[in-house]
Each structure stands twice: as structure tokens, then as C-alpha cells.
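Input: a single structure, listed below in C-alpha cells.
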Amino acid sequence: MSIENKTTEILLHSIGWGYRDFEPEELPESEVEHIESLIKEGYNQGELCYYDSEIEVEYRGWWKIV
């Protein structure tokens, strides 16, 4: 997993992100909202945790401002 592999822009910051064993084209909306709230609190990196309820699997990853 390389968090520099994928990037997106959130609150005018370039965010590198990635999951272990899960490679969506875009960050799930719930994760975007989570990262937005953490950036507003002053964080510059953190864990991702996405739960796919259709197949009942949890994916973990990491994000950081690059």
C-alpha cells in the first residue's frame, strides 16, 4: 500500500491516500467527510476505515497531506 499512489483534493489540500487490499478509484464520501473534519481539527494524517456493508468487510488504510 502506497499512500502516495492516489491523491485527491480536500479543503484545498492535496491528500495522498490508500487502503490495504482495497483499491477504489475515488475515496468513499464518508471518508472524505471524515478527513475534512480531521483537517479542521489540525490533523495532517490519519487512519482510514471503510466498511463495505454489502459484503461485510472492513478495509483499513492511511491518508496524509502531501
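Checking Leu27 against (1) hydrophobic (A, V, I, L, M, F, W, C); (2) within 10 Å of Gly61 (Cβ to Cβ); (3) more than 10 Å from the chain's Cα centre (by Cα): exactly one of these is not met. Which one?
(3)
Yes or no: Glu9 free of Cβ contacts under 8 Å to residues at least 24 places away in the same chain, acidic (Asp, Glu) and closer than 10 Å to Ile65 by Cα?
On the way: free of Cβ contacts under 8 Å to residues at least 24 places away in the same chain: yes; acidic (Asp, Glu): yes; closer than 10 Å to Ile65 by Cα: yes.
Spelling it out, Glu9 is indeed free of Cβ contacts under 8 Å to residues at least 24 places away in the same chain, acidic (Asp, Glu) and closer than 10 Å to Ile65 by Cα.
Give the stretch 38-51 a look and list any residue that's without any contact (Cβ under 8 Å) to a residue 24 or more places away in the chain and either surrounded by 10 or more Cβ atoms within 10 Å (Cβ to Cβ) or touching a strand residue (DSSP E or B) at 6+ places or on another chain (Cβ under 8 Å) (or both), or say none. Quick ask: steps written out before the conclusion?
Quick first cut of the stretch 38-51, residues without any contact (Cβ under 8 Å) to a residue 24 or more places away in the chain only: 38, 41-47, 49, 51.
Within the stretch 38-51, Leu38, Tyr43, Asn44, Gln45, Gly46, Glu47, Cys49, Tyr51 meet the criteria.
Sort through Ile10, Ile65, Ile3 and tell me the only one that's touching a strand residue (DSSP E or B) at 6+ places or on another chain (Cβ under 8 Å), among the hydrophobic types (A, V, I, L, M, F, W, C) and modelled with pLDDT of 95 or more.
Matching residue, one of Ile10, Ile65, Ile3: Ile65.
Is there any pair with a first residue in the stretch 25-36 that is at pLDDT below 95 and a second that is among the polar types (S, T, N, Q) whose Cβ atoms are under 8 Å apart and which are 6 or more apart or on different chains, and what are they?
Glu26/Thr8; Leu27/Thr8
The values are calculated or read from the model by the stated rules, or taken from the named source; none is laboratory data. Predicted, not measured: the structure shown is a model, and the values here were computed from it. All Cβ positions, even for glycine, are placed from backbone atoms using ideal geometry, and neighbour counts span all protein chains on display.
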